[in-house]
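Enquirer: I'd like to ask you about the structure that follows.
The values are calculated or read from the model by the stated rules, or taken from the named source; none is laboratory data. Because the structure is a prediction, the values reported are computed rather than measured. Every residue, glycine as well, gets a Cβ built from its backbone with ideal geometry; the counts of neighbours run over all protein chains shown.
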Amino acid sequence: MSDEEQLSGAASDTGNVLDGTALGALLSGNGAAAGFSINYERVPQSIADLEHAADYLRSQAKVAQGLASIPAPGMDGVSLNAVAQIGKWASDSGANNLEANLLAGAQQLRDLAHKLREDLKTYLQVEALSIPTMPSSELPLPSPGRSL
């Protein structure tokens, strides 16, 4: 199974996290009816934060992929079985593993950032946006490449 098929399977298993939610209604143009409004001054930083979170999930997917090939601490049956189970849970050929779900989550965050970017450009009637390159200080994620 290819990485794209695996990612697609994980995304379809988890569904779109915004479907049926107030935020989903807001982004589909029904937000006023749901009682929400957008502070357009904060959207560029929100886009940067979403992209940073997506990068972080992608980096953690690489960590999960590495778990699939950790050496067994011993040659006994328990050690060998534990390594096999960890590898399967972390990154196997199916769609329901840690790596695939992290990649699906990263894609959903990227899709949301893209949607916000396009909506903001439409609202401001501009061709390009100035999006910050650093996440806000309130985003509780370490830099990409570092684990929680």
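Enquirer: With farther than 18 Å from Arg58 by Cα, surrounded by fewer than 14 Cβ atoms within 10 Å (Cβ to Cβ) and of a type in the set (Val, Ile, Thr) as the only criterion, which of Ile70, Ile86 stands out?
Expert: Unique residue meeting the criteria: Ile70.
Enquirer: If Pro144 satisfies every condition in (1) within 20 Å of Lys62 (Cβ to Cβ); (2) touching an Asp or Glu at 6+ places or on another chain (Cβ under 6 Å); (3) at pLDDT 75 or above but one, which is the exception?
Expert: (3)
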